[in-house]
Amino acid sequence: MKQGAQGSAGAEVPRAGMPGGQVRVPQQAGAADDAGRVRPGASAEVVRGEHTHSEPAPPSAPRGRPVVQRSSVRGQIVDALRAALVAGDLRPGEVYSAPVLGERFGVSATPVREAMQQLAIEGAVEVVPNRGFRVVERGARELAELAEVRALIEVPVMLRLARTVPAERWAELRPLAEATVRAASSGCRATYAESDRGFHRAVLSLSGNQQLVQIAEDLHRRAQWPLVGSGPGMRGRADLVADAHEHTALLDALIARDLEVVRALVGEHFAGAG
């Protein structure tokens, strides 16, 4: 129940130096075909001492190279950068230039800077004056602290919901639980991360407390960022699939109103997350 992001169709944008990986720019609601994706074999370039704010915007993309549609660029870039972060394509401690990232997406540096500022607010990156943005380095202790806080928030809520929510409402979440298993089977951590958060969000939404849902979502997203020294292969397909099956087991226990099993499953999940 730890990592996800549903893949969606969209334009692909080259990334240099990240062979075998993809960054997807998911479609936005209400914008038809408003998507973009990074091509395998290309990635955001790491910059050393690059003066990003003094550089001109990259020229128009050559004919035949798909670009991100302009109607919702910032939101698409935010989603793409979040996916790259979870996938390990944006590495902790590295500095990335907005103009270089913009060139990869086929857009100017401005929406990339705006997207990076959003990630800075979320705590994923920090501004490096006249250079770009550095991916925040974090260790196992921070991950354990996030897991503890998530458990303090989510476990009591799930136990309360297990006593009050009828079985048919839980059964309606079965497609989301099964979707996490399919996402995990793809082996893509970014795809699984989005699906994982979607399942948790649906469960907690039954509480009717949107403030709780938003706080839990933020903590969950932060818990999915890679640790210092971790690589793209840190969590393999088997780990993701085992994690996803915890969703279906939890849903079965919730439908059966087996509070002891619910307590054990959720407690074990958050202990493992730390």
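Looking only at residues that are among the small types (Gly, Ala, Ser) and assigned to a loop (DSSP other than H, G, I, E, B) in the stretch 205-229, which one is modelled with the lowest pLDDT?
Selected residue: 229.
Can you confirm whether residue 202 is open to solvent by less than 50 Å² (accessible area, probe 1.4 Å), under 22 Å from residue 261 (Cβ atoms), part of a helix (DSSP H, G or I) and in contact with a Gly (Cβ under 6 Å, 6 or more places away or on another chain)? It would help to see each step written out before you state the result.
Working: open to solvent by less than 50 Å² (accessible area, probe 1.4 Å): yes; under 22 Å from residue 261 (Cβ atoms): yes; part of a helix (DSSP H, G or I): yes; in contact with a Gly (Cβ under 6 Å, 6 or more places away or on another chain): no.
When the stated conditions are applied, residue 202 does not pass them.
Which one is nearest to residue 142 (Cα to Cα) among residues in the stretch 214-226 that are among the hydrophobic types (A, V, I, L, M, F, W, C) and open to solvent by 10 Å² or more (accessible area, probe 1.4 Å)?
First, pick out the residues of the stretch 214-226 that are among the hydrophobic types (A, V, I, L, M, F, W, C): 215-216, 219, 223, 225.
Now restrict to residues that are open to solvent by 10 Å² or more (accessible area, probe 1.4 Å): 215, 219, 223, 225.
On the way: 215: 17, 219: 11, 223: 9, 225: 11 Å.
Looking at residues that are among the hydrophobic types (A, V, I, L, M, F, W, C) and open to solvent by 10 Å² or more (accessible area, probe 1.4 Å), I get 223.
Just one of 184, 115, 162, 120 is in a helix (DSSP H, G or I), hydrophobic (A, V, I, L, M, F, W, C), open to solvent by less than 10 Å² (accessible area, probe 1.4 Å) and more than 30 Å from residue 264 (Cα to Cα); which is it? Walk me through how you get there before you give the answer.
Numbers: 184 fails: more than 30 Å from residue 264 (Cα to Cα); 162 fails: more than 30 Å from residue 264 (Cα to Cα); 120 fails: open to solvent by less than 10 Å² (accessible area, probe 1.4 Å).
Residue meeting the stated conditions: 115.
Each row is one residue, and each column tells you yes or no for (1) more than 20 Å from the chain's Cα centre (by Cα); (2) not hydroxyl-bearing (Ser, Thr, Tyr).
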residue: 103; (1), (2): yes, yes
residue: 124; (1), (2): no, yes
residue: 135; (1), (2): no, yes
residue: 146; (1), (2): no, yes
residue: 154; (1), (2): no, yes
residue: 158; (1), (2): yes, yes
residue: 164; (1), (2): yes, no
residue: 173; (1), (2): yes, yes
residue: 183; (1), (2): no, yes
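What is the number of the single condition among (1) in contact with a Gly (Cβ under 7 Å, 6 or more places away or on another chain); (2) in a helix (DSSP H, G or I) that residue 145 does not meet?
If we test residue 145 against (1) in contact with a Gly (Cβ under 7 Å, 6 or more places away or on another chain); (2) in a helix (DSSP H, G or I), just (1) comes out false.
The values are calculated or read from the model by the stated rules, or taken from the named source; none is laboratory data. All values derive from a computational prediction rather than experimental measurement. Methodologically, a virtual Cβ is constructed for each residue, glycine included, from the backbone with ideal geometry; neighbour enumeration extends over all protein chains shown. SASA here: full protein model, heavy atoms, side chains in, ligands and nucleic acids out. Shrake-Rupley method; radii C 1.70, N 1.55, O 1.52, S 1.80 Å.
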